[in-house]
Structure formats: structure tokens, C-alpha cells
Amino acid sequence: MNLNRRTFVKLGLAGIGGAVSGARAATAEEPGNLKDGWGVLMDIPNCIGCRKCEYACQEAAGFAVAPIESFDDKSVFADHRRPDVKSYTTVNAFRSTTDSVAESQANGKFVYTKANCLHCLEPACASACLVGALNRQPNGAVTYDAAKCMGCRYCMVACPFGIPAYDYHDPLTPQVRKCTFCFDRISKEGGAPACVSICPNDALTFGRRDALVKLAHERIQSRPGEYVDHVYGEHEAGGTSWLYLSNVPFEKVGFPLLENRSPSQLTEALQHSVFKHWVPPVMLYGLLSVIMWLGKKQDDGRSEELPDSNHQNVRRRTNSHRRLPELCAGITEGGHS
Amino acid sequence: MNALIHPMPVSAPFRSSGFLVLAALAALGFGFAMYRFIFGLGAATNLGDDYPWGLWKALNVAAGIAVAAGGFTTTAFVHVFRRSAFHAVARPALLAAALGYTFAVIGLIIDLGRYYSIWHPLLPSMWQGDSVLFEIAMCVMSYLTIMYLEFAPVVCEHIMQTEAGSRWSRLALAADRLLSQVLPFLLVAGVVISCLHQSSLGNLMLIAPGKMHSLWFTPVLSLLFLLSAIAVGFPVVIFTMLMTSWSLGRRPDIRLLADLARYAPPLIGLYLAAKVADLVIREQLGLLVAPGLRTVMFHLEMMGGLVIPLALLLSDGVRRNPRWLGAACMMVVLGVILNRLNVFLVAYEPLYAKRTYFPSTAEFAVSVGLIATLMLLYRVVVHYLPVFESTRQERLT
């Protein structure tokens, strides 16, 4: 059977139909359920750099988009372009490492990759956001709620892939901008992200993430030597919804080498250890209070008679820095001169 | 709590040349801040998708809060540890810290994209407790409130002195009495809250390990931030008091400040030792000789901000000389400011970086303007309110 993208989606949905009919409904509602989410597998060798996915993305996001023919312009590949406020996904060309630059330009053999939000399973951006504007949804999409956002841009600092863009040009209602995983489209029966739907060369496959991981490994095994033996996104940064297969090493085509744990693990561990049942702050408070109280008993023994024992504004204290003659002369306090 | 012998407003001419310079800088900063609000962050700053955080976050917010640590260290020293000999520095330190945090928040408002939503962390429905920034926001909000309450007795005293016998005076007395019951608890809470957020500011950048240079990235960055905040506390208070005395034409109480300065070397030394130990344990000593701007900045921070002032402050002669004491304390303060700039800006290596970030004119103008406004306000407040210990001459007039 020719396992193309559409067939896979149909199979995936059929499989899901069977699974959901069980008692999965309850777990599917929890955002924390990392296994029950959509994913996309990108087969990098299959990408021909046509950039139709960029066109579809801009159109689906509602931006004014240039005619689709203009996306055939290969000159844009001269620069490494990152996703920005008007283009949630970008395709970049990398020289195939086996060829020289001249050879690559002559025979047009480039490796094309598509950059966009990877919709991490444990997103650092969501952990960073202090008002909860970024959240991982039950279906796997990491979504942004501008109504909550303060525009502090800590999410941009946090993202290990450097994805979120910002409306710096907008003085009044700037937003964080990134791929939405076509949330509305994928929430519908049979829906898929716009980029996946338009891809003419089966470079993108949409389906259940765990099924895609399996598919990716099967593809590596079934075509030995064609792929680097690694599924990028399976474990990086704690695992991402977007997975990648490549014929050249990933770091050569713009993928950062990351650890297999979410960046938020360190910060959350540090925060949770300090606030574990509030013990450390309360203990410090108690310790300082005791020191202050013990000192008070000593001070009471040392100070002179208070003018008003109920009034705690102590006006006189023995103090090596006071000049006794002036105190004794009874100089009064005045108002401001 | 307010156990100064004779706190009084400071009488000194207002419109000095220094005052005019500060006013001009403040006005310039205000103008550029308006530019930011009208035309947006993109027009006013050199921020970008590659560098989301810039001078305002690093200097006015992060370094501002670090240097305002003079408030909680002095409060702990004078009120918790009962070193009442230093009461004279408690109010000036508190005022400087309260203004410091206020202007850190103002700087934040200018930097935020959707500044009108800055109140969102007050709503429980928006609390996202895993975020380091969440804890910092809650702590800064509560600590600001505590500092304003701590300062309220100064205002009450002023009202009681100037409006003696009136209804306002009776209200102020009642408020003062109520506050004196509550303040001991708030004071300790303030010290605890300060420790929490001063250290958490160090945790902020740890969410981006891949983007932080190894000279500064360390899992114990929060401890280093806390130790540096404690270390800078007395130097900043001493420096503030020396500067204020100098600008007001008063002689500083050098004996008091010299005695306070005796406590600085152990705290600075502890921070320095922790930094060195961290480099050793992480086996990154080799970075100290790696060529590059970052290495230079690190050495500047260590030598100029820690080693040299530490050596100076160990000397009794330095501590008793106002100029040398001021210089040494200023070096410690600048060193901690440089450390925050290094951690948030210099150490930051974005992925796919095509440029290096350098602040724009507007960013510099706003940063400087905020600092100038803070100094102006400090000057105005000490002129009208009983913050400073009065001089013998002032009491005689």
C-alpha cells in the first residue's frame, strides 16, 4: 500500500476513533497528557523548497499575502530567514554538505528545511509566561492568548529554538507571533495545518505524535543509509510535536543541538525547591523574628527611660555617635527651617 | 522604629547646577519615553526577535533592583540585628530603595509591550506559578507596598511637626501608632521577600541555558545574585550618603560611614569567593583567558567591581577618607550593575544571531532619564521630609 499523507491521516483517525471510544475522553482533556497530541513529521529530503507552505500559512493566518507565483523566487534563499510577525513559517536552503558551493549552485542540490514553532511537549515559553498567556492545549498545540499578555517577552528569551516573533512596530497592541498549529483547522474532523495540506511533495505528514515517531523510525530502518539515524524532536527539549528526518546532520541545517530535557526543568526545580510547602521562606522569617525579638530584650535593658511608655517612638537612646554635650544642652527639634 | 535623635528636613539651596543637569536629563528621558509610547518599541529601541531584552530590562529593572538592595540589608542590620548605632542610615537607605524599586517598575512599564496589562499578575486567574518571573512580580509588588508602609512614619512625623494641633496631625499620630504595631512584622517579611526575589532574578536567565555564555551560566546563579545583592547593600548606602552630603554641602558623618564600611569586606569577599568557586567547580577557568569581549567584561566585573574595592575597603585609612571610601563603594556598586548587564545582555548569545545588540539613543536617554529623575526625587524628598539626621547647625537655626 502506498502510504501517503492522506492515507496516513485516515488511518490515524480510524485508530483514534477506536481509542477515544474507550475511557480516553477524561485524559484527553488534560493539557498534561503528553502522548495524546497531534504532530507533524517533516521528511527533509522530500522538501523541494517550493515555499508553498509559506504561502498557505500566511493566507490561513489572515495576512495580506503576495500571489503564490511570487513564492517561486529562489533568491530569498541567499539569506537565512527566521519566522517573523507576518510569516509564521519559513523555508531555508542549506548547502548539501557533500558538495561545494559552486557545485550546489550548479546542480541546485540544496537541503531545504522548514522552520516554525515545534509545539513542544513541555514548552519553555509556557513555563516562562507569568500570566499564562501561552499554554499547551490537549491536542498538542501551544497557543497564545493576547488578552493575558503583558508583552514582557520572557517567552522569547525562553524558547530554545528562537521562534517567537514580536510586533515591535505596533505601539499599542503588540502581540507575540508564532505558528498556531492551525488550531481551528486541526480541531475540526479531518482538518490539517495549512502548510501540510498544500505541500505537493509529501514532505509533511500530519497525525498522532506517537504514531509519527514510530513511522519515522520505521522509515529510517526501511531505507538504510538514506537518513541520519535520529528523529529530531523525539526527545530534544523534552520532546516536540514537530518531528524531523534528515539526510544530513541536523546541526548543519539549522537545528540547534539540545539536551533531552525541557529548559523549564531547571528553573521549575529551583523554584519548587524554594517554595516547597513554603518551608524555606517561613523558616527564614521565623529565624529573623527570633533574632529581632532576642535583640529587643537586650535593647530594653540598655535604653534610657522612655517619655511615653505606650508610644513606641523612642526619642532617646544611648549611642556612641551622639554628642553628649548637645543632648544635655536640651536642644529642641524644630520644624524645617 | 524611628529612633533617630533629631531627623529633620535638609535645608540647602534647591536650584544648584547639579539639580539643573539632572532636570535636563530627566526631561530628555521623558521625551524619548513619549517617543516610545507613540511610535512603538521598534522605532525607539534596537530590540528585535533576536534580542527581546535590552538595556531597560537589564539596567533599569535588573540592576536597579540589585542596587536597591541597600534597603533590605540596612533594615536587617539596624532593625533585625539591632545595630542601633547605625540608625542614621536607615531612613536614607529606605528612601533610596523605595525610589529604586519604584523606578524599576516605571522602567518596566516603559519596556513592556502591553504595559496597560501590567496589573494582570494581581488576578489569581492569571497566576502561572511555574514561572520565575511570576514569583519576582509578586515579591516586587509586596515589597514595594511594605517599603511604602515603612516610609509612612516619616510622612506622619512631618505632618505632626508642621500641622501640630490640627486634625491631620491627630490622624497622622493615629496612623503612626498603628504602623508601629504592624511594622516589626512587615520589616522581617520585607527582608525575607527581598532574599526571595533578589535570588530569583538570578534564576530568570537559567531558562535559556543554550543562549547563555558559560562565564555566567551556572545553576547557582540565584545564590550569586543574592550574595551580590547583600554585598552591595552597605556600599550603595554609604555612597548615597556621601553623594547626598556632597551635593548638599554638608559634612558627612564619616565615623559612622567608616564603621559601616567595616562590614562590607566580609560580604564582598564571600561573593567573590562564591564566584571563583563556581568557576572552579564548573571547570571553566580556561574561559578566563579565552580571547573576546565577554572575557574582558568578566574581568572588569571581577577586578574593578570586586577585587580592587575589596582590597581598598580592607584599609582603615581608605574607610575614614570620604573620597577614597566613596570611590571604593562606587566601584562595588558599578561592579554589581555591570554584573547584571553582563548576565542579561553580554552573556546572551541568541541562536542564528546576525548582529550584536547595542542600545539605541532613545534607550540610553530613557535609562539615564529614569536615574536622573530618581536622584531628583530623592533630593526633593529629603528637603521636605525628616529623613536625614540633622546637623548641629540645622538644629541651632
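Every read-out reported here was derived from the displayed coordinates using simple, explicitly stated rules and does not represent laboratory data. These numbers were taken from a predicted model, which means no experiment stands behind them. No Cβ is skipped: glycine too gets one built from the backbone with ideal geometry, and neighbour counts run over all protein chains shown.
Here are the numbers for this structure:
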{"quantity": "Nearest-20 debye value, region B:255-397 charge dipole, Cβ charges on Lys, Arg, Asp, Glu", "calculated": "260 debye"}
{"quantity": "Of the trypsin sites (Lys or Arg not before Pro) in region B:291-376, those whose Cβ has at most 16 other Cβ within 10 Å and which sit in DSSP loop", "calculated": "B:ARG320, B:LYS354, B:ARG355"}
{"quantity": "Shape call, chain B: gyration tensor on alpha carbons, a/c limit 1.5", "calculated": "prolate"}
{"quantity": "Counting all C-alpha pairs of region A:200-304, share separated by more than 22 Å (%)", "calculated": "58 percent"}
{"quantity": "Region A:203-262: mean projected area of Cα convex hull, nm²", "calculated": "4.1 nm²"}
{"quantity": "Residue mean of other protein chain beta carbons inside 10 Å, A:169-177", "calculated": "5"}
{"quantity": "Number of partner chain Cβ atoms within 10 Å, mean per residue of B:185-193", "calculated": "4"}
{"quantity": "Proximal charge balance of A:GLY254 [Cβ under 11 Å; K/R count +1, D/E count -1]", "calculated": "+3"}
{"quantity": "Violating pairs (Cα-Cα greater than 25 angstrom) within the set A:LYS178/B:LYS211; A:LYS52/A:LYS109; A:LYS74/B:LYS354; A:LYS178/A:LYS276; B:LYS275/B:LYS354; A:LYS114/B:LYS57", "calculated": "A:LYS178/A:LYS276; B:LYS275/B:LYS354; A:LYS114/B:LYS57"}
{"quantity": "Chain B: angle of helix B:132-162 to the longest principal axis, Cα-based, in degrees nearest 10", "calculated": "20 degrees"}
{"quantity": "Exposure proxy ranking, count of Cβ atoms within 10 Å, fewest first, for A:ILE198, B:ILE268", "calculated": "A:ILE198, B:ILE268"}
{"quantity": "Sequence of B:VAL21, A:VAL91, A:VAL228 once ranked by neighbouring C-beta atoms within 10 Å, starting from the fewest", "calculated": "B:VAL21, A:VAL228, A:VAL91"}
{"quantity": "Least to most buried among A:THR180, B:THR361 (fewest other Cβ within 10 Å first)", "calculated": "B:THR361, A:THR180"}
{"quantity": "Using alpha-carbon coordinates, inclination of helix B:361-384 to the longest axis of chain B, degrees", "calculated": "20 degrees"}
{"quantity": "Dipole of the protein assembly as shown [Lys/Arg +1, Asp/Glu -1 at C-beta], most positive-end residue of A:LEU121, B:MET243, B:GLY100", "calculated": "B:MET243"}
{"quantity": "Inter-centroid distance (Cα atoms) of region B:281-313 relative to region B:63-90, Å", "calculated": "28 Å"}
{"quantity": "Contact order relative to length of chain B, as percent, for alpha carbon pairs under 8 angstrom and 6 or more apart", "calculated": "34 percent"}
{"quantity": "Assigned charges on the beta-carbon of Lys, Arg, Asp, Glu; the protein assembly as shown dipole about Cα centre (debye)", "calculated": "1280 debye"}
